[in-house]
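Encoded as structure tokens, the structure appears first; notes follow it.
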Amino acid sequence: MNFLLIQLRRIGDVLMTTPSIRQLRETFPDAHFTFLTESPPDQVLRENPHLDEILLHRKSEPLTDSIKFFLNLRSRKFDCVIDFFGNPRSALMTFCSGAPMRIGFDFRGRSWAYTHPVMISEEVTYAAQDKSQLLKPLGISVQDFGLEFIAEEKDRYYAEDLFRKLGITETDYVVSLSPVSRQPYKVWPAERFAEVADWLVEKYSAKILFLFGQGEKHFIEAVQSAMTMPALHEYDVPTLSETLAILQKVNLHLGNDNGIRHFAVAAGTPSMAIFGRTWVANWTPPQQTLHRTLEFDPGCKNKCVYPKCNLECLKGVSTDAVMNELETMINNLS
């Protein structure tokens with residue numbers, strides 16, 4: 001069997017496919033699995049032991065290159081294509097592959113691209129669980145939704161060297177903080193993060209290590225400028241796998257609903273995430289206590305009108321609520 005798996009766009013969405021990738025490999029151990037995605041999310045799959053090949057789609061390319069890309073997909077003669085993304089472009093890619101079995105969600109206006117359109121559950125469930133529904137036409141039921149992201153040895157060396165340069169010792173209590181997101185409806189106010197960070201330093205003698213990506217430094221600066229207690233000094237932006245290695249060494253992670261929080265889940269590092277417009281159940285592993293969340297529904301999350309609002313869902317999460325939840329976590333973990 002020659003499989004093509006498709007998931008474009010965001011890092012977290014790609015991570016959510018990893019339980020399905022693992023189950024596909026277990027079911028078809030001799031198959032060839034190609035994964036089509038974009039950069040930088042491809043970084044989370046580079047060391048995935050269940051994939052044979054990664055294809056990159058470039059968003060902005062000349063028409064002639066796009067035509068070559070589609071012709072290349074066709075020439076590979078895939079037996080089965082699974083479109084985990086389900087937007088118009090990925091649906092077109094799936095259809096143009098010419099694969100005899102094409103699986104995707106039965107979204108309006110896109111089901112024509114698939115030989116096996118799958119109705120998505122109406123329940124609000126974990127995104128990894130939602131994506132695994134696409135394996136049902138193959139007779140596969142996924143039970144393990146653990147995310148899979150692997151740091152190389154060089155990434156672990158990087159994290160160890162960074163901790164040494166920052167003066168972090170084995171006895172320090174280190175909290176990683178990621179107040180970043182490209183989506184305004186996911187960004188909890190910087191001054192509130194600063195208040196919580198100061199409290200962590202004062203009460204637990206925590207060392208605050210900021211995590212961020214390219215173009216996100218201003219989020220960090222906004223929190224640092226509002227803090228009264230010291231945080232660890234700045235360092236160069238790490239790669240995604242280096243970020244994972246850092247998370248494997250910290251004691252606790254705090255931040256917005258973003259890709260780095262999913263890295264913490266994959267790393268098995270206790271995490272606390274603050275949610276705005278999006279639903280907690282979609283992005284938090286079910287039936288566990290290691291990863292906590294806080295959200296506030298002002299009564300409009302089911303009929304969200306963003307950006308025609310003041311983001312009451314985010315502003316409704318108080319610093320007291322976050323500190324109380326963190327205190328419970330820390331006490332349970334100690």
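Values quoted throughout were computed directly from the atomic coordinates according to the rules given, and no laboratory measurement underlies them. Note that the structure is predicted; figures quoted are calculated from it, not measured. So basically every Cβ, Gly included, is an ideal-geometry build from the backbone, and we count neighbours across all protein chains shown.
Our coupling estimate for the range 7-15, obtained by passing each phi through the Karplus curve with A = 6.51, B = -1.76, C = 1.60 and θ = phi - 60°, is 8, 8, 6, 7, 4, x, 5, 5, 4 Hz, Gly and Pro reported as x. A cut-off of 5 Å between modelled amide H atoms, ignoring neighbours fewer than 5 places along the same chain, links His291 with Ser271. Projecting the Cα atoms of His116, Leu147, Gly268 onto the charge dipole of the chain, computed from C-beta unit charges around the Cα centre, puts His116 farthest toward the positive end.
By the count of neighbouring beta-carbon atoms within 10 Å, fewest first, Thr239, Thr64 end up ordered Thr64, Thr239.
Classify the range 2-138 as rounded, prolate or oblate, taking a ≥ b ≥ c as the square roots of the eigenvalues of its Cα gyration tensor: rounded when a/c is under 1.5, otherwise prolate if a/b is larger than b/c and oblate if not.
Working: a/c = 1.30, a/b = 1.15, b/c = 1.13.
Rounded shape, in that the Cα axes give a/c under 1.5.
The ranking of Lys301, Lys186 by Cβ neighbour count inside 10 Å, starting from the fewest, reads Lys301, Lys186.
Using θ = phi - 60° in the Karplus curve 6.51 cos²θ - 1.76 cosθ + 1.60, the 3J(HN,Hα) couplings for the range 212-224 round to 7, x, 4, x, 10, 4, 5, 5, 5, 4, 5, 6, 4 Hz; x is entered for Gly and Pro. Close amide H contacts of Glu47 (hydrogens built in the peptide plane, cut-off under 5 Å, sequence separation of 5 or more or a different chain): Ile150. Residues whose amide H lies under 5 Å from that of Leu311, counting only those 5 or more places away or on a different chain, are absent; hydrogens are built 1.01 Å from N in the peptide plane. The gain in end-to-end length when the Met1 to Tyr204 segment is fully stretched comes to 67.7 nm, 0.36 nm per residue minus the alpha carbon separation. Spin-label pair Asp65-Glu152: with each label point 7 Å from Cα along the Cα-Cβ axis, the two points sit 2.5 nm from one another.
Once the Cβ-Cβ distance between Val305 and His233 is put in as r, and R0 is 56 Å, what FRET efficiency do you end up with, to the nearest 0.05? Write down the numbers at each step before the final one.
Numbers: r = 41 Å, r/R0 = 0.74.
With a Förster radius of 56 Å, E is 0.85.
Determine the dipole magnitude for the chain: charges of +1 sit on the beta-carbon of Lys and Arg, -1 on that of Asp and Glu, nothing else is charged, the reference point is the Cα centre, and the result goes in debye to the nearest 20.
On the way: 35 positive and 41 negative charges, 244 e Å.
Charge dipole of the chain: 1180 debye, to the nearest 20.
Over the range 153-333, the hull volume per residue, using the convex hull of the C-alpha atoms, is 117 Å³.
Given +1 on the Cβ of Lys and Arg, -1 on the Cβ of Asp and Glu, and no further charges, what dipole in debye does the range 173-320 carry about its Cα centre, rounded to the nearest 20? Don't skip to the answer; put the middle values down first.
Details: 14 positive and 14 negative charges, 93 e Å.
In debye, rounded to 20, the range 173-320 gives about 440.
Return the FRET efficiency for the residue pair Asn324, Asp172: r is the Cβ-Cβ distance, R0 is 30 Å, and the value is rounded to the nearest 0.05.
Numbers: r = 24 Å, r/R0 = 0.79.
For R0 = 30 Å, the calculated efficiency reads 0.80.
A simple spin-label model places pseudo-atoms 7 Å from Cα toward Cβ; at Asn331 and Leu92 they are separated by 5.6 nm. Under conditions of 4 °C and 1.567 mPa s, the chain yields 61 µm² s⁻¹ as its translational diffusion coefficient, taking Rh as the Kirkwood radius over Cα pairs in the Stokes-Einstein equation. Computed from phi, the 3J(HN,Hα) profile of the range 87-94 under the Karplus parametrisation 6.51, -1.76, 1.60 (θ = phi - 60°) reads 9, x, 5, 5, 5, 5, 4, 4 Hz, with x in place of Gly and Pro. Volume per residue for the range 117-253 equals 167 cubic angstrom (convex hull of Cα atoms). The residue list Gln224, Leu200, Gln287 was ranked by how far each Cα lies along the charge dipole of the range 153-333 toward its positive end, using unit charges on Cβ atoms, and Gln287 comes out on top. Counting neighbouring Cβ atoms within 10 Å and putting the fewest first, the residues Phe105, Phe210 line up as Phe105, Phe210. Under a model in which nothing but the beta-carbon of Lys, Arg (+1) and Asp, Glu (-1) is charged, the range 2-138 shows a dipole of about 380 debye around its Cα centre.
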